[in-house]
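Have a look at the structure below before the remarks.
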Amino acid sequence: WAHGWEHLYDWRVSVLAGPAHPGRLTPVDSGVRATVADLPERLRAPLAEAFRRCDTHVAAALLEVAVAPELFGLAVEDWVVAGGVPLGVQRPVVLRHPGGVNCHGPDTRGPDAHGPGTHPADHEGSRAAARWARVQAGPLQDERADCAGGRPRAPSAAWLSGLPDTTVPVHCRAADQEPTLGSLHAVRDAGYGVAVTRRPPPDPGVSCAPFHRGLREELADAGRAEVLPLRFQTLRGRAYGADPDAYWAAGAGLVWEDPARPLPDVEPLHGDL
């Protein structure tokens, strides 16, 4: 959480239980007033402890990074906790909006079926659940959300709402800048639980075309969203190993709002979000 208007952040590392215990959260450690530069060292030991509790001999636990969208450029997948290898190479790492998505199951009644007795949040949760179920099964369709012909754009709510449920909105620009920041909020409001963002290269003159082309091929090969966290891990491993066919994936992040794994409503350690 942002610490007021200062460039300082409070943090908490927790273990979120599996489907048998939805919403069960076990705190591991927490801290206050850390700078962005301090975060990798401050969180090294708490993350190592969380992974010790969760990893098995056959699989590494999923790391869910719940931050405000303007921090979606945080390079958590590049942090090194143990073994000298970046986190994103060792395990799936995904991004989440704080607070998760309110979800009460798929809405099969159509877009105008929510009547006067239905709370808008219920309808939004149903729409998100329906989109999630369909995008998990695929086939996937990528759509540039904050970019048109290499130029920035802000997608309209009507345009986002009209896209097929199997769409994965793609962002190629800095998450903390407009129009991308607004687009990330709009994509979530439209019920998309799977989206892609990235940290753009330092040189603003570098074309985003290779990123979009590479991601389109990756999504087409994946076929369905349910495999994307592991495929992104593989992509990061290839980029870390200097695979020339994976250079485009540098800085790519996967937004993963699984409605079956809602984040508990927890308050910031100090102050308001």
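The values are calculated or read from the model by the stated rules, or taken from the named source; none is laboratory data. All values derive from a computational prediction rather than experimental measurement. FYI the Cβ positions are ideal-geometry reconstructions off the backbone, even for glycines, and counts take in every protein chain you see.
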* Asked: Does Pro69 meet the test of being surrounded by fewer than 20 Cβ atoms within 10 Å (Cβ to Cβ) and in contact (Cβ under 8 Å) with a residue 40 or more places away in the chain?
  -> no
* Asked: Within the set of pairs 6+ apart or on separate chains, which have a first residue in the stretch 204-217 that is exposed (fewer than 13 other Cβ atoms within 10 Å of the Cβ), a second that is among the hydroxyl-bearing types (Ser, Thr, Tyr), and C-beta atoms under 9 Å apart?
  -> Pro210/Tyr247
* To do: Filter the stretch 227-273 down to residues that are loosely packed, with under 14 Cβ neighbours inside 10 Å and of a type in the set (D, E, K, R) and give me whichever is modelled with the lowest pLDDT.
  => Asp272
* Asked: Which condition breaks for Val94 when tested against (1) farther than 19 Å from Pro264 by Cβ; (2) surrounded by 18 or more Cβ atoms within 10 Å (Cβ to Cβ)?
  -> (1)
* Test for Ala195: is it in contact with a strand residue (DSSP E or B) (Cβ under 7 Å, 6 or more places away or on another chain), modelled with pLDDT of 95 or more and assigned to a loop (DSSP other than H, G, I, E, B) -> no
* Flag for Ala17 being without any contact (Cβ under 8 Å) to a residue 24 or more places away in the chain and in contact with a Gly (Cβ under 9 Å, 6 or more places away or on another chain) -> yes
* Pairs with Cβ under 8 Å, 6+ apart, first in the stretch 237-261 and in contact (Cβ under 8 Å) with a residue 12 or more places away in the chain, second among the hydrophobic types (A, V, I, L, M, F, W, C) and in a loop (DSSP other than H, G, I, E, B) -> Tyr240/Val85; Gly251/Ala75; Gly253/Phe72; Val255/Phe72; Glu257/Val101; Pro259/Val101; Pro259/Cys103; Ala260/Cys103
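Name the one entry in Ala137, Ala157, Ala175, Ala145 that is out of contact with any helix residue (DSSP H, G or I) (no Cβ under 7 Å at 6 or more places or on another chain) and not aromatic (Phe, Trp, Tyr). Step through it out loud before you land on a result.
Numbers: Ala157 fails: out of contact with any helix residue (DSSP H, G or I) (no Cβ under 7 Å at 6 or more places or on another chain); Ala175 fails: out of contact with any helix residue (DSSP H, G or I) (no Cβ under 7 Å at 6 or more places or on another chain); Ala145 fails: out of contact with any helix residue (DSSP H, G or I) (no Cβ under 7 Å at 6 or more places or on another chain).
Within the list Ala137, Ala157, Ala175, Ala145, the selection yields Ala137.
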